[in-house]
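Structure first, then comments.
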Amino acid sequence: MSEPLVVIGNGMAAARFCENLGKEALGRYSVLVVGAEPTLAYNRVLLSSVLAGEIAREETELKPRQWWERQGVTLVYGRRAVSIDRERQVVLLEGGARLPYAKLVLATGSHPIRLPKPGMDLPGVVTFRDHDDVSAMLAAASPATRAVVIGGGLLGIEAAYGLALTGTRVTLIHLMDRLMERQLDSEAAAMLKAALEARGITVLLGADTAAIEGDGCVESVLLADGRRLAADMVVSAVGIRANADLARAAGLAVNRGVVVDDQLATLDPAIHAIGECAEHRGTCYGLVEPAYQQGAALARHLAGKSATYAGSVLSTNLKVSGVPVFSAGDFVGEPGTEVIVWRDPGLGTYRKLVIRDDVLAGAILFGETSDALWYLDLIREGRPLGRLRDAVVFGQALAEAA
Amino acid sequence: MTAHSHLPNPVVTACPYCGVGCGVIASVDVGGQVTIAGDPAHPANRGRLCVKGSALGETVSLEGRLLHPMIRSRSGTMERVGWGTALDAVAEAFSRTAREHGPDATAFYLSGQLLTEDYYVANKLMKGFVGTANVDTNSRLCMASSVAGHRRGFGSDTVPGSYDDLDTADLLVLVGSNAAWCHPILWQRMVANKAARGAKIVVVDPRRTATSADADLMLAVQPGMDGALFSGLLVHLAEAGAIDRAYVEAHVDGFEEALERAREIAPTVAATARACGLAENDVRALFDWFRTRDKVVTLYSQGVNQSAQGTDKVSAILNCHLATGRIGRAGMGPFSLTGQPNAMGGREVGGLANMLAAHMGFSASEVDRVRRFWAAPRMAMSEGLKAVPMFDAIEAGAVRALWVMATNPAVSLPKADHVRHALGRLDHFIVSEVVLSNDTVNSGAHILLPAAAWGEKDGTVTNSERRITRQRPFLPLPGEAKPDWWIVAEVAKRMGFAEAFSWDNAAAVFREHAALSAFENRGARDFDIGGLAMVSDAEFDALRPVQWPVRSVRDTADKRFFADGRFFTADGRARMIAIAPPALKAEADESRPFLLNTGRVRDHWHTMTRTGRAPTLGRHIVEPFAEMHPEDAAAAGIAAGDFIRIETDYGEATLRAVLSEGQARGAVFAPIHWSGETAGSARVGALVQPFTDPYSGQPEMKATPASLTRVETRVEGFVLSRGPVALPDGLRWARVAVEGGVGTVLASDQPVDGRPLAEALAGRGGTITEMTDAARGIYRAAVFRDGNLEAVLFLALDGRPSWNWIETQFGLKDLSPAARRALLSGRSPEGIADAGPTVCACFAVGLTTIRDAIAAGACDVEAVGRALKAGTNCGSCRPEIKKLIEAEAKLVPA
């Protein structure tokens, strides 16, 4: 008889976990996935493509229904889990259903953060997290619409980009002096800003939101410096917060997220957490790749195989509004490091490598990222560059050509 | 430039470089592109060409060309004027100077690159009409010692033999000649003789060269000791009974005196070896071969000529040939290899200060004869100033008006910095040139006259074997450029000599020159081309290469001199000469412990005004250098590639050190080609001492005492640009033609900030692509304008960046995307698969790679994912992959 395994959350981490568990130990567990969103698991990364009209909503589905059936996974979606009874090893669902578990995996993801400013609850203020948000934005989008996107991180930029492609007049405001300051240095950030501006997006940096104003619905955004931006729609994309509510209520250790060890286990050995809701070695990752790595590691572990998740080297490797961007490691270039820069404004490309003691410590690639994984390997492996150093900034093929 | 229908195409003409005088065939295609091939019918080269000749097509662009007469304005700038104004000014300058300060206050400094017709007109104007023999030439630096040696030995400036002798000799002795580099076509004939007939080749040269590499015997003679070697040889021949007593008795004077002096200098093989710094066995080998092989040709070039005892060295060689009667017969004789295309033509017209005209000197009867022929009002009555004293006289203010034609004395003369300074003192400094800028032009020229260049010129040249060859035009005269003879004739007319200087064309000048050579000659003078004095214009146009003398219309067969023992001295007998004991004019000492030797490199010629335009020729040796023995370098703490400052009593230069065992200890060799136009501190002429040969006036350019110091270098780099670029002060630099533009090598002992340099290269509207690795002092930049590559800059703290691959891209019209990305790496992307723009960022899968996979059968997104992993991580590229699959499906017929 298979052990009952319940996954709370039906997002990307959950899907990858299930996929891997099927590979590692098909049939060992009777898997049940509970999702609050009323859809099959979908690729959240593609929401901006849906917003941009590049793909249909259905195309974001990670796996078709038949796949889940073949995996033997029972899907319970559109139902919220409301509590965990650790003693009885039971999950309570909205509406009263009780799901016993031998193993419980929390993959509850995160909540969008709403700024604690006046007016955030006005109609016309949306977040950018799920299909409902996208639908709301699309409903309001038009060439006559003035949208203000708050937040110059990846999420806000994607929202701004997607909206801009609908013809909406978009202003992107960001508190910091550069976009994506946690992933990009000022030069790459400036190039990104220029790329957004080339797409018709107005970018305001150092813009501190004081309040959302409007009589009954959004009319403008007031900045701390007194500037007032007219707005028919406001997208709040200032960040995410791990969704650890169930875990906290169940008495599990929670800091910023559900605290897990290298086997992704919580204090309770029957309960694990993966993805954005988990906090591993003090870090809550907000990116898909660590979630996938955690999902894969946990699947191995629950299959009874030795598996350790030692954390992910923070890297960003994706297209931001159509521009490939990669950043990893220590890309700032502290004293004691050596910096190699290669920029081709004509091609819109920029590379910065940070080297410490002949080892690649960090990298930023903007506009052209074909060598990203090679750099990531160099950073992760920490091997001395040696003769690669001469042409390392030009990528693997040329560096190894010599 | 376009092909011009009024010019025949292709055109058979002659190469403008060395004295071998190869025939070339020039073709101009509809796009104006010039193609050069060897002329199979020309006896000198029989269709072959060296690398310099082959690359002539790369040198004919009009970039940097002087296209209009220019006169220095009161404010000091050069301003364009009409020909009338310019010619009036030149005529006035010479007339007034001659009137106020005497004819000897005027001078011409001419060139072995002038055609015979140009030379003739210039010589005639000065020696017959202005009344001064101050007509000298860069040939003074080239073969004046051979002229003096010939005249002393033969009574005439005669090269007795023919190139055919090189094919049939059994022993070829090259003295002071790097023929493999400087006369490559003749060298190939010698090597072929060696291969086919087993001829022995001996090279006598202080340094090992490309020539000695193919020699049977290399005699690394001490500088200046060639005369001792040939003195020892003469003694050996006498003692071994190898003297041709009958020939000597019948035709040669001075044998006993010459032999006696030779015995004082080099009495034995051992003494010869000692004096020359050679192994006895090697000396004996040469002597034995010379004694036992009748067919000996001794070839000599600048190592003999450019010497304060050059005339004696020539005499020491001639002595051995005269004493054995090995002269004027097939496969034997002394053979002067001239360095310039028309050194011989210049000698024929008398374009030297110590010659009058047509191989006549300044005896009263000769002056009178020429006066009558020219109907000349004011004959020069005696020799004029030879090159070195001429420029001394300019510096001293004695010569106040100078006209330089087709040469660059501010680079090529000894103590060239003094020359440059002296030129600035002239009242009237006129330059006939093809380029807008060179060191001579930039020494304060007052009037610039645009002259015809090779490819446009029409006339004749004479090569080292006395063969007259037509230079024919295949390009139109650009701008307002004019033939040199026309320019001089127009000035002469304005000076009041219209009657004597009115020719319709070059053929008319040639006819007069030919007539003068035959005038009252009757066999008394070697140079006689009277048989050509009546050629029609059409016959002149069609004139085939012909060896002089041409004493009658039918006398066009090849011929040699002196087999009959008839010489051109007053008594008809040759002279053997008792030479002065060999010694250098200046020896190395503690403060100047090295002897600076100067010479040429394979792929450049003179001051690079022509070869410096050809990318093909820039690749062999990119920058000026100084070559020295590794042990000398080690002792001075100099490593290969370091920069060294070479100082002499006359000047200094900073050059890249090249180490070679081929250099003798204590010797340093530097090439003469670089100038202020092509390098920051490589004017080697400025280092050279001015001591001259007492007979020939030729300076000793190959043994100037010098000291060396290593110069610190911190930064090295280069710039490739479309044209010459201005560089900040303090940078060491040298410039060379590359595909698509100019390559400039850079070095500095101070840090160089690359960004401002790149910005200067970019100017307005250029975008800079750059790479910095500050920890290594690396800065690299490429400048693009409208997407086109404009310039590349590389700087590095240690090591010398190479532009080899980048140059191949610089010459292309369009840079491939892969090449653009690889550009600043300096490494070729060839063989590196271009994945195309990234589609899947997570797994770095490119567009091209994905298309290939689709074409190979991946029919949906999942299949692409299985094949390439693309789209299997974050999945954000899946829509793009799907579109690619759909697009591909449309291409495949159902």
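The values are calculated or read from the model by the stated rules, or taken from the named source; none is laboratory data. If you're wondering where the values come from, they're calculated on a predicted model, not measured in any experiment. Positions of Cβ are generated from backbone atoms using ideal geometry, with glycine treated the same way; all protein chains shown enter the neighbour counts. For the accessible areas, the whole protein counts, side chains as well, though only heavy atoms, and no ligand, DNA or RNA atoms are used. Shrake-Rupley method; radii C 1.70, N 1.55, O 1.52, S 1.80 Å.
Structure data summary
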| item | result |
| --- | --- |
| Highest-first arrangement of A:327-339, B:439-451, B:117-129, where packing means the average Cβ count within 10 Å | B:117-129, B:439-451, A:327-339 |
| Kirkwood hydrodynamic radius (C-alpha pairs) into Stokes-Einstein, chain B, 25 °C and 0.890 mPa s, D in µm²/s | 83 |
| The range B:292-321 versus the range A:12-69: alpha-carbon centroid distance in Å | 96 |
| Convex hull (Cα only) mean projected area of the range B:74-128, reported in nm² to one decimal | 5.3 |
| Within-14-Å neighbourhood charge of B:Val601 [Cβ basis; K, R +1; D, E -1] | +3 |
| Under 19 Å from the Cα of A:Lys63 - aspartates and glutamates, other chains or at least 8 residues apart | A:Glu19, A:Glu24, A:Glu37, A:Asp130, A:Glu289, B:Asp860, B:Glu862, B:Glu880 |
| Neighbourhood charge, 14 Å Cβ-Cβ cut-off, centred on B:Lys559 and excluding it, Lys, Arg +1 and Asp, Glu -1 | -1 |
| Phi-based couplings in Hz for the range A:218-230 (Karplus 6.51, -1.76, 1.60; Gly and Pro marked x) | 4, 10, 7, 10, 9, 9, 4, 7, x, 5, 10, 9, 5 |
| D_trans [Stokes-Einstein, Kirkwood Rh over alpha-carbon pairs] for chain A, 10 °C, 1.306 mPa s, µm² s⁻¹ | 70 |
| Inter-label distance, nm, simple model (7 Å from Cα along the C-beta direction), B:Ser536/B:Glu759 | 7.0 |
| Chain lengthening between B:Ser382 and B:Asp164 when straightened (0.36 nm per residue, less Cα-Cα) | 74.7 nm |
| Along principal axes, Cα extents of the range B:638-683, largest first, whole Å | 31, 23, 18 |
| Sum of side-chain charges, A:Gly304 neighbourhood, beta-carbon under 15 Å (Lys, Arg +1; Asp, Glu -1) | +3 |
| Where B:Glu677, B:Glu92, A:Glu279 fall by accessible area, highest first, once all protein chains stay in place (1.4 Å) | B:Glu92, B:Glu677, A:Glu279 |
| Under 5 Å, built H, 5+ apart or other chain: amide partners of B:Gln471 | B:Gly459, B:Thr460, B:Val461 |
| Peptide A:394-401, shielding by other chains (average Cβ, 10 Å cutoff) | 6 |
| Area accessible to solvent at B:Phe255, 1.4 Å probe radius, in Å² | 10 |
| Ratio of the Cα radius of gyration of the range B:776-894 to 2.2 N^0.38 Å, where N counts its residues | 1.41 |
| Rel. contact order, % - alpha carbon contacts under 8 angstrom, at least six apart, chain B | 14 |
| Contact order normalised by residue count of the range A:125-236, Cα under 8 Å, 6+ apart, percent | 31 |
| P(r) weight above 20 Å for the range A:315-401, C-alpha pairs, percent | 25 |
| Ranked by how many other beta carbons lie within 10 Å on average, peptides B:780-793, B:340-353 from highest | B:340-353, B:780-793 |
| √(5λ) per eigenvalue of the Cα gyration tensor, the range B:496-578, largest first, Å | 29, 17, 9 |
| Heavy-atom accessible area ranking, 1.4 Å probe, most first, across B:Arg326, A:Arg86 | A:Arg86, B:Arg326 |
| Ordering of B:742-755, B:65-78, B:31-44 by packing [mean C-beta count within 10 Å, highest first] | B:742-755, B:31-44, B:65-78 |
| Estimated 222 nm signal from helices in chain A, with DSSP H stretches of n ≥ 4 weighted -39500 (n - 2.57), rounded to 500 | -7000 deg cm²/dmol |
| Theoretical FRET efficiency, 1/(1+(r/R0)^6), r = Cβ-Cβ of B:Asp288 and B:Arg372, R0 45 Å, to 0.05 | 0.25 |
| Cα centroid separation, the range B:47-83 to the range A:163-201 (Å) | 55 |
| Relative contact order (%) - the range A:315-401, alpha-carbon pairs under 8 angstrom, separation at least six | 25 |
| Sequence-distant residues sharing a close amide H with A:Tyr77 (under 5 Å, placed H) | A:Gly35 |
| Exposure rank, largest accessible area first [B:Phe519, B:Phe568; 1.4 Å] | B:Phe519, B:Phe568 |
| Size of charge dipole - the range B:332-448 - debye, nearest 20, with Cβ of Lys, Arg +1 and Asp, Glu -1, no other charges | 260 |
| For the range B:29-44, Karplus couplings with θ = phi - 60° (6.51, -1.76, 1.60), whole Hz, Gly/Pro x | 8, 4, x, x, 5, 9, 10, 10, 9, x, 8, x, 8, 7, x, 6 |
| Calculated SAXS-style log₁₀ I(q)/I(0) at q = 0.07, 0.08 Å⁻¹ - the protein assembly as shown, Debye, Cα scatterers | -0.79, -0.90 |
| Other protein chain Cβ atoms within 10 Å, averaged over every residue that makes up B:819-827 | 6 |
| Long-range HN-HN contacts of B:Ala657 with modeled amide H, under 5 Å | B:Ala626, B:Gly641, B:Asp642, B:Phe643, B:Ile644 |
| Å² per residue, accessible surface of the range A:125-236 at 1.4 Å | 38 |
| Restraint check, A:Lys305/B:Lys869; B:Lys386/B:Lys585; A:Lys193/B:Lys813, Cα-Cα greater than 28 Å | A:Lys193/B:Lys813 |
| Along each principal axis, Cα extent of the range A:125-236, largest first, Å | 40, 30, 23 |
| Surface accessible to a 1.4 Å probe, A:Ser370 within the full protein complex, Å² | 40 |
| Residue-by-residue Karplus 3J(HN,Hα) for the range B:785-796, coefficients 6.51, -1.76, 1.60, Hz, glycine and proline x | 10, 6, x, 9, 5, 9, 7, 9, 10, 10, 9, 8 |
| Neighbouring partner chain Cβ atoms per residue of B:761-773, average, 10 Å criterion | 4 |
| Taking only Cα atoms of the range A:270-371, radius of gyration then Dmax in Å | 17.0, 56 |
